[in-house]
1. For the chain, with a Gaussian network of springs between Cα atoms less than 10 Å apart, report the residue from 326, 286, 251 with the top mean-square fluctuation.
2. For 243, 202, what's the fewest-to-most ordering of other Cβ within 10 Å of each Cβ?
3. GNM on the chain, C-alpha springs below 10 Å: top fluctuator among 221, 273, 83?
4. Among 215, 404, 304, which one shows the biggest mean-square fluctuation in a GNM of the chain, springs joining Cα atoms closer than 10 Å?
5. Could you work out the relative contact order of the chain? I mean the mean sequence separation of Cα pairs under 8 Å and 6+ apart, divided by the number of residues, in percent.
6. Write down the percent of antiparallel bridges among all DSSP beta bridges whose residues are both part of the chain, to the nearest 5.
7. For helix 2-30, what angle does its Cα long axis make with the longest principal axis of the chain, in degrees from 0 to 90 and rounded to 10?
8. Cut-off is 10 Å between beta-carbons; in what order do 44, 292 appear when sorted fewest neighbours first?
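What follows is calculated from the coordinates using simple rules that are stated; it is not laboratory data. Here the structure is a predicted model, which is why all the values come from computation and not from measurement. Because the Cβ atoms are built from the backbone with ideal geometry, glycine has one as well, and the counts that use them run over all protein chains shown.
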């Protein structure tokens with residue numbers, strides 16, 4: 001069975017590398033032609049820069065993936081996991097303390113081994129293409145902060161989960177599922193006010209008239225929001241974005257300061273209208289509900305498999321390894337089993353993104369504004385405009401930008417929307 005699982009892992013890994021290769025080949029073949037509708041915003045020089053940026057980023061990602069997979073093979077198939085498990089077991093006689101140490105040290109090793117790739121990505125590739133504004137000092141500060149916060153949260157979660165396992169040996173899967181669900185909701189409430197401000201500065205939008213335009217659009221959508229804020233994203237990168245954060249009464253809109261500098265008010269409003277579409281169409285709660293259903297099923301299956309004595313033997317490991325080590329084995333097996341479901345999840349997400357695009361067009365009455373915003377974001381971020389269809393089917397949570405722009409421009413040509421010079425009258429829902 002160990003050999004069979006290794007072969008399955010090798011086949012899946014080789015398939016992902018093949019997808020990466022055909023995606024880059026597709027970009028090289030088509031990346032020199034400006035897509036229809038992108039004229040004026042993107043020229044041949046910008047396309048060459050976009051192609052080079054995508055190739056460099058993909059090469060780095062490939063080397064990092066090869067390194068990670070080699071470590072994974074050593075850890076799971078060459079006895080390192082069993083040795084590491086014995087080492088951790090010798091540090092403490094408490095099952096809960098041992099579990100916390102097991103996952104904390106494992107996470108620390110992953111961060112340290114991945115740091116060189118992160119450094120080269122930021123200070124090599126991102127700097128080469130004019131995106132990076134992070135200083136080495138800020139990078140170190142961010143790393144220390146994120147690891148400290150992550151270690152505290154991980155220790156709390158692991159300690160709580162293993163306490164529940166000891167407290168209810170036959171029904172812990174249900175208690176763990178409930179605890180993790182409550183904790184996730186709690187983090188959605190406090191993160192905007194406790195964790196996010198530790199890394200970025202948030203302040204009311206300073207662009208004259210922009211907040212009023214946003215609030216008018218929000219009222220039109222029938223959605224209340226606590227605050228409209230801008231974030232000092234330019235301290236670290238020139239990439240642009242916008243997002244909603246929090247739930248319930250703590251919802252707020254966050255705009256990157258880079259986005260505000262790059263786009264007109266109408267384009268920013270269109271981007272936010274798209275995000276509002278996710279709320280109004282119920283995508284947020286549907287995703288949460290689906291995630292909880294899958295988590296409940298996963299908890300029950302995990303309970304059954306972790307009690308199966310033959311589980312460690314699937315990878316040739318001794319049967320007396322600890323519960324944390326068994327969880328690592330189970331996580332690896334889950335990654336193999338769930339791999340075919342990835343394209344289904346990506347397809348579902350792309351369908352919701354199309355719904356949100358259409359909602360934004362209906363709400364503003366000007367699909368051309370969202371199309372213009374997408375074109376600008378693609379140009380400024382040097383996005384790959386020519387992904388291979390099969391690669392996009394597996395990995396893209398959003399439809400390719402050229403497809404989204406084409407669909408929005410088709411709406412502009414339709415009779416149901418106003419021209420640029422006509423009054424902005426949105427369609428009713």
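1. Of 326, 286, 251, the most mobile in the Gaussian network model is 286.
2. On the way: 243 13, 202 16.
Starting with the residue having the fewest Cβ neighbours, the order is 243, 202.
3. Its mean-square fluctuation being the largest, the pick is 83.
4. 304
5. Details: 442 pairs, mean separation 88.9, N = 429.
For the chain, the relative contact order is 21 percent.
6. 60 percent
7. Taking the Cα atoms of the chain, the angle to 2-30 is about 20 degrees.
8. 44, 292
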